[in-house]
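First comes the structure, then the notes that go with it.
The values are calculated or read from the model by the stated rules, or taken from the named source; none is laboratory data. Quick caveat: nothing in here was measured; it's all calculated off a predicted structure. Please note: Cβ atoms are built from the backbone with ideal geometry, for glycine as well, and neighbour counts cover all protein chains shown. Heads up: the accessible areas ignore ligands, DNA and RNA and are worked out on the full protein's heavy atoms, side chains in. Shrake-Rupley method; radii C 1.70, N 1.55, O 1.52, S 1.80 Å.
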Amino acid sequence: MYNQILSSLNEFVDNDLSFGSDQKKTLLNKHKLTLTDSLQKGHWTTNLCLIASNLIKTNPRDIASALILRLESKPEIEKVELAGPGFVNIFLTREAFFNQLDDAYNNPNSFVGSSRSPKEKIQIEFVSANPTGPLHVGHGRGAAYGDAIGRILQRLGHEVSREYYVNDAGRQIDILACSIFLRKFEFFDDDAFPGSAYKGSYILDIAETLEIDLVLTQEEKEVLIDNLPDNDEEKIDELIKRIKTFDSNNWSLLRDFGLGYVIKSIKKDLTEFKVIFDNWFYESSLGELADKKSEISLALNQVKKEHAYEKDGAVWLESTKFGDDKDRVIIRDDGRGTYLSADLAYHRNKLDRGFDTIINVWGSDHHGYIRRIEATIEAMGYSKKQMKVQLVQFANLFENGSKVKMSTRSGNFYTLKQLIDDIGSDASRFYYLSKQADQHLDFDIGIARSNSKDNLYYYVQYAHARICSLEKKYLESGKILPSKFNNANFDDCDKLLQMALGAQFIIKSAGDNLQPHLIVYYLRDIAQSFHQFYNNVNILNAEELEQNNILRALMIVKSVIASCLELLGIEPLEKM
RNA sequence: GCGCCUGUAGCUCAGCUGGAUAGAGCAACGGUUUUCUAAACCGUGGGUCAGGAGUUCGAAUCUCUUCAGGCGCGCCA
């Protein structure tokens, strides 16, 4: 129905208006056909006359009469009204109203307005937490978000690839290995454990699991920790250097084991959270600068030709030429690459893989980095428009009104795994997605866990479960679920149905704007409409023709709720 | 100092690619169950959409500005 009315509107602009072609073009771009928010305004409404009258400085009513005439000639349209400042409200016949719902239900993949966004090959890179410890609740938000937009974009017909970028090449991994080493050979008391080393209990687990063919004498141990620098950062770097030199074979064994262990546990947590990546990209696969043929060398050489210079012994990228605040070092004065140099090569690799769009989901503390990476992309000859960066703010957890400590000096923190064990993957996702990603989120686990009316998650699930229960009872009475609406003169369901029809627009908008929270709020609204309806109408004792339509309506509402939940990665509950 | 984000009901927030009387939940108060799941529903009160100016037929939404709060500005990752 949407497409039919829309083409009537476009025909009207083409044929009935004596506008210049530029004006027509503007008009065709700007006018909108939308579902009404209240049935008093009909089913569909358009602002076309408002826009048109503004273009030629006339009264909307002068334009509306011809449009109304054209629309009213269509058999599906019962009446058309001019309302408010110049909106044209369209009332469908009962049959047309029902038909569009049956169509939507029977063809869940045909999408309103989908022709407007061409199918794209999209890559989403998210989580990408350093593999130095378990995922915490902050990572959980990024995971829920990245996966949800992936699901939504897939629903809109795009080809989506999910990727995790593993920073397995830097100093952080050395620190991980060092921490394991120190625990394995019981170097320090907890109090004296170096401030920059990882202190979490998972390090002890790794150390315990590690089998290593090495015995240290007391003297060797004392040499290793003799006369260390006071500064935390210098201390850990010195320790790494000494352990590496002491036994380089066992060092790399330790490093690989620690890395493998942590990545395995991250994968396990993500799987439990129903987040599956198509690709795990290892920073180390970009190779080393020393290797002239490695990917990272090739990428750097490419930008060095035209957009870099040497200063103070380092190589600088002229990122200011591409809008950055200052130029950036890509090769340090000691010959090592920077984080940016690896990221530069990584983005080159991604863009060369032929994605139309790459989406980077980053923690919001990286926002200063956006312009830099955009400059890098342009320096390599790509368009920065191919990349979108979506920032995700940290989530604060609360319990009974007080903040849950995210991290403590002892290295213990509330992990994603604990959250999932505590309130479940589905409720966690629901609350993670309940606010725009780039804004602070306060998340009360007490409420998420509770069976109370405060718990929005259950409010939505309850609507779905109630419909399931009604259908079950209905079927038990020997009837079968209706396959279409009849023409009973009964309109109590209309508000609910009008809202159900809106799902496709919400999903479209959530995908185009990368905002899954729109779906959360939509779910709340439709659940509310359903609960209201449920309390007003005695469904199982309704008169037969009416009952047919009610059941049909509820099938549609149920399917809408279920598919919206699934887009958020949440399993709809059949009973509660 | 520069950049980004935020400011909407007592609280937590929707609405922001301009549209019809600014919404929801919680909190407060008062109701609804011999009937399909009361994890529900109904009602009442509560707003200078931070302040100011501008653009427009029309502004919470766009522009400028002031104020308040948060974050980011490494040869860290």
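May I ask you to rank A:Leu28, A:Leu554 by accessible area, largest first, using a 1.4 Å probe over the protein chains only?
Values: A:Leu28 65, A:Leu554 0 Å².
Descending accessible area places them as A:Leu28, A:Leu554.
Helix-derived [θ] at 222 nm for chain A: sum -39500 (n - 2.57) over DSSP H runs of at least 4, divide by residue count, nearest 500? Don't skip to the answer; put the middle values down first.
On the way: 22 runs with 285 residues, N = 576.
Computed ellipticity for chain A at 222 nm equals -15500 deg cm²/dmol.
Given a Förster radius of 60 Å and the C-beta distance between A:Asp525 and A:Leu214 as r, what FRET efficiency does 1/(1 + (r/R0)^6) yield to the nearest 0.05? Could you put the intermediate results ahead of the total?
Values: r = 62 Å, r/R0 = 1.04.
My answer for the efficiency is 0.45.
Lysines within cross-link reach of A:Lys292: Cα-Cα under 22 Å, excluding same-chain residues under 8 positions apart?
A:Lys304, A:Lys305, A:Lys311, A:Lys350
Top to bottom by accessible area (1.4 Å), largest first, where do A:Ser248, A:Ser341 land?
If we order A:Ser248, A:Ser341 from most to least accessible, we get A:Ser248, A:Ser341.
Express as a percent, rounded to the nearest 5, the fraction of DSSP beta bridges in chain A (both residues included) that run antiparallel.
Values: 23 of 46 bridges.
So the antiparallel bridges amount to about 50 percent of the total.
Given an 8 Å cut-off on Cα distances and at least 6 residues of separation, report the relative contact order of region A:275-330 as a percent. The partial results should precede the final answer.
Numbers: 50 pairs, mean separation 9.5, N = 56.
The value is 17 percent.
Be a star and scan region A:118-132 for residues whose amide nitrogen sits under 18 Å from the point 7 Å along the Cα-to-Cβ vector of A:Asp205.
What the label zone holds, given the 18 Å backbone N cut-off, is A:129-132.
Distance in nm between label sites at A:Leu298 and A:Glu72, each 7 Å beyond Cα in the beta-carbon direction?
6.9
When ranked by the protection proxy of mean other Cβ atoms within 10 Å per residue, highest first, what sequence do the peptides A:512-522, A:201-211 form?
Going by the mean number of other Cβ atoms within 10 Å, highest first, we get A:512-522, A:201-211.
If I model a spin label at A:Asn3 and A:Ala314 as a point 7 Å from the Cα along the Cα→Cβ vector, what separation in nanometres do I get?
Going from the A:Asn3 label point to the A:Ala314 one covers 5.6 nm.
Give, in nm to one decimal, the length gained when the segment between A:Asp278 and A:Gln40 is fully stretched (0.36 nm per residue of separation minus the Cα-Cα distance). Working shown, then result.
Numbers: separation 238, 0.36 × 238 = 85.68 nm, distance 4.78 nm.
Result: 80.9 nm gained on full extension.
Given a Förster distance of 22 angstrom, what is the FRET efficiency for A:Glu288 paired with A:Arg171, based on the Cβ-Cβ distance and rounded to 0.05? Mind showing how you got there, number by number?
Working: r = 15 Å, r/R0 = 0.67.
Once rounded, the FRET efficiency stands at 0.90.
Report the label-to-label distance for A:Lys79 and A:Lys32 in nanometres (one decimal), using points 7 Å from each Cα along the Cα→Cβ vector.
Output for this residue pair reads 2.7 nm.
For the pairs A:Lys274/A:Lys508; A:Lys79/A:Lys484; A:Lys74/A:Lys558; A:Lys267/A:Lys508; A:Lys326/A:Lys385, flag any whose C-alpha to C-alpha distance is greater than 27 Å.
Working: A:Lys274/A:Lys508 23 Å; A:Lys79/A:Lys484 24 Å; A:Lys74/A:Lys558 31 Å; A:Lys267/A:Lys508 30 Å; A:Lys326/A:Lys385 21 Å.
Table pairs above 27 Å Cα-Cα are A:Lys74/A:Lys558; A:Lys267/A:Lys508.
With a cut-off of 8 Å between alpha carbons and a minimum separation of six or more residues, what is the relative contact order of chain A in percent? Walk me through the numbers before you get to the answer.
Values: 822 pairs, mean separation 83.5, N = 576.
So the answer I get is 14 percent.
Let's test the formula: R0 of 60 Å, r as the Cβ-Cβ distance of A:Asn107 and A:Ser383. What FRET efficiency results, to the nearest 0.05? Working shown, then result.
Numbers: r = 36 Å, r/R0 = 0.60.
With R0 = 60 Å, the Cβ-Cβ based efficiency is 0.95.
Roughly to the nearest percent, how much of the accessible area of chain A is carbon and sulfur, given a 1.4 Å probe? Could the numbers behind the result be given before it?
Numbers: 12810 of 27550 Å².
Whole-percent figure for carbon plus sulfur exposure: 47.
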